[in-house]
1. If I take every Cα pair under 8 Å that is 6 or more residues apart in the chain, average their sequence separation and divide by the length, what percent do I get for the relative contact order?
2. Measure off, as a whole percent, the carbon and sulfur share of the 1.4 Å-probe accessible area of the range 93-162, all protein chains present.
3. Using 1/(1 + (r/R0)^6) with R0 = 45 angstrom and r between the beta carbons of Arg76 and Arg241, what's the FRET efficiency to the nearest 0.05?
4. Go through the range 164-253 and name the chymotrypsin sites (Phe, Trp or Tyr not before Pro) that are in a DSSP coil and have 16 or fewer other Cβ atoms within 10 Å of their Cβ.
5. Quick one: among Ile23, Ile176, Ile123, which has the greatest mean-square fluctuation in a GNM of the chain with alpha-carbon springs under 10 angstrom?
6. Using a Cα-Cα cut-off of under 26 Å, which lysines could be cross-linked to Lys112, ignoring same-chain neighbours fewer than 8 residues away?
7. Suppose all protein chains stay in the model; what accessible area per residue would a 1.4 Å probe give for the range 111-253, in Å²?
8. Using Cα-only point scatterers and the Debye equation, what is log10 of I(q)/I(0) for the range 74-141 at each q in 0.15 Å⁻¹, rounded to two decimals?
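The values are calculated or read from the model by the stated rules, or taken from the named source; none is laboratory data. What you see is a predicted model, and the numbers here were worked out from it, not measured in a lab. Every residue, glycine among them, receives a Cβ derived from its backbone with ideal geometry; neighbour counts consider all protein chains shown. Heads up: the accessible areas ignore ligands, DNA and RNA and are worked out on the full protein's heavy atoms, side chains in. Shrake-Rupley method; radii C 1.70, N 1.55, O 1.52, S 1.80 Å.
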Amino acid sequence: MKSDLQQDVILDPDTLPSHVAIIMDGNGRWAKKRLMNRIKGHEHGSDAVRSIVTAAREVGIKVLTLYAFSTENWARPKYEIKALMMLLKKFIISQRSELSRNNIRLDIIGQKYKLPLDVQKEIDTTIDLTKKYDKMLLNLALSYGAREEITTAVQNIAKKIESKEIAVKDITHDLICDHLYTRHMPDPDLIIRTSGEYRLSNFLLWQAAYSEIFISDTLWPDFSREEFIEILKNFQKRDRRFGKVPCSTSTDG
Ligand code: FPP
């Protein structure tokens, strides 16, 4: 059955992406254009996060992954890291009732142990509080980097070989997937990047093998639910072949 927002915006539930992942870029430029401090850009970026989480749930997206802090972001000035961690903590606390009301489960991918302890504590509380919800999974990528993820997976697989739990011949695509942070979710069908940059920036490199990619020129704090819906409509028109030929040109019909 179509949800209210699906009816309003004419999205076909059968061709919706199950998993949408977003590289939220452009907070700093947004602030600079307005002669504001970069932190203001992140604050307005947090508001955009709230609105896109709601829109994604309303249209029926099953998994929404947001790249909120990369392994490389630790090299930013200390005051900016501190501000981002504070915003994150505020978001995680303030969204608790909203997530519960909307049947959304929170999880994170990345090096949780590197986050400040108070942030880890609030994350754990919210993960626990929302673990029973199943309308949508909101997955925050925090201290996340795909190369770190893959390196850790390789190390863990090697340990299992060393202890003879598995053999080299057991290494398959599925086994590798089972050792990634994303082991419990489908690969992203759609990756959106804002601010007009054409890069993946160490985001979901393994999982992006067949993702559709959409680059928006909008700076993240200005990214609206209307634009999000337009991008979903664009996705629904795409012909996803996964390396095969289109049906109409295959010999077996
Ligand atoms: C990239 O913009 C954005 C980030 C590094 C952080 C993203 C954080 C938020 C959207 C807000 C907090 C997150 C949550 C989940 C509440 P940039 O700073 O690299 O922008 P620039 O390239 O224009 O400098």
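1. 27
2. Roughly 53 percent, rounded to a whole number.
3. 0.70
4. Tyr198, Trp206, Phe242
5. Ile176
6. Lys112 reaches Lys40, Lys62, Lys78, Lys82, Lys89, Lys90, Lys121, Lys131, Lys132, Lys135, Lys159, Lys160.
7. On a per-residue basis, 58 Å².
8. For the range 74-141 at q = 0.15 Å⁻¹, log10 I(q)/I(0) is -0.48.
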